[in-house]
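For reference, the structure discussed in these notes is given below.
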Amino acid sequence: MISVIIPAYNCAQYIEQAVNSALQQTIEEEVEVIIIDDASTDHTKETAGKIAVKHSNRSLIYHQCEENVGVAEARNIGIRMARGELLAFLDADDWWEKDKLGKQAKLLRETDAHLVYSGRELMYPQGHSSGKIVAVPEMTTYRDLLRTNCIPCSSALMKTKTAREFYMCHDELHEDYIFWLRILKKYGKAYGINEPLLKSRLSDGGKSRNKFKSAKMHYGVYKYMGIPAWKSVWLFFCYAVNGVRKYR
């Protein structure tokens, strides 16, 4: 079984597309979808209920947080609830190509990796393509990842036991980036499929869309990871250069 964790906050207009893309994967293994509603104030709960009725023959779990806990802890709740040997993260406003999990599960098992990822296509909020595809390397290490975060969170597939070894933390920084760094610092490598298996919806409200804020958070990750100041400056320069290349 593969568990797909979807943190959801005020995403009623998008979440059905995300859930459908997870449940319609062409992989033979059973897929369970775990929606963690982080105390939404819109109609996310009602929409999730309608989705559950539509997919009543599939494994779809809905959990509502009593208060807003943030995306890191929302994902952690999903990690604790997951029944699958493998788990994937999918943001509620993103979606996947149908063969995403199948290709990644094959790669993960062939390489005995703890973590795999894929490229992505950037989509406008309305759901149509921006024409921009963000490529990824076929392999990355801890040292590589310090220079640039090449792992989109919604593209990741990993061993559930590995996720439970680390969990996510620090919403005020890039919680997924810290997660990948901690994993690769111990286990060495992650492998990528350089295909846009992830459709990543651009959002004006996303914290990565504010480039100044995102840069400040990125530098904060270096501090959290215990990187010396002199090295952090060099790594931040590499991050800035790679960022320009990625989105130009």
From (1) part of a helix (DSSP H, G or I); (2) out of contact with any helix residue (DSSP H, G or I) (no Cβ under 8 Å at 6 or more places or on another chain); (3) open to solvent by 50 Å² or more (accessible area, probe 1.4 Å), pick out the condition that doesn't hold for Arg83.
(1)
Which numbered condition trips up Ala18, out of (1) more than 10 Å from Ala92 (Cβ to Cβ); (2) crowded, with 23+ Cβ neighbours inside 10 Å?
(1)
Number of the condition not met by Glu110 [criteria: (1) part of a loop (DSSP other than H, G, I, E, B); (2) open to solvent by 10 Å² or more (accessible area, probe 1.4 Å); (3) more than 13 Å from Leu197 (Cα to Cα)]
(1)
Look through region 121-163, keep the residues that are in a strand (DSSP E or B) and of a type in the set (A, V, I, L, M, F, W, C), and return whichever of them is farthest from Leu184 (Cα to Cα).
Met123
Please indicate, with yes or no, whether at least one residue in region 42-49 is in a helix (DSSP H, G or I) and among the hydroxyl-bearing types (Ser, Thr, Tyr).
yes
Given the criterion crowded, with 21+ Cβ neighbours inside 10 Å and free of Cβ contacts under 8 Å to residues at least 24 places away in the same chain, identify the matching residue among Phe166, Phe179.
Phe179
What tally of residues in region 36-63 results from selecting those that are in contact with a helix residue (DSSP H, G or I) (Cβ under 6 Å, 6 or more places away or on another chain) and either open to solvent by 30 Å² or more (accessible area, probe 1.4 Å) or touching a residue at least 40 places away in the same chain (Cβ under 8 Å) (or both)?
4
What about Gly78, is it touching a residue at least 24 places away in the same chain (Cβ under 8 Å) and in a helix (DSSP H, G or I)?
yes
Quick check on Gln13: is it touching a Lys or Arg at 6+ places or on another chain (Cβ under 7 Å), modelled with pLDDT under 95 and surrounded by fewer than 23 Cβ atoms within 10 Å (Cβ to Cβ)?
no
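The values are calculated or read from the model by the stated rules, or taken from the named source; none is laboratory data. The structure presented is a predicted model; accordingly, all values stated were derived computationally and were not measured. Glycine also receives a Cβ, built like all others from the backbone with ideal geometry; neighbour counts cover every protein chain displayed. The area values use the complete protein model at the heavy-atom level, side chains included, leaving out ligands, DNA and RNA. Shrake-Rupley method; radii C 1.70, N 1.55, O 1.52, S 1.80 Å.
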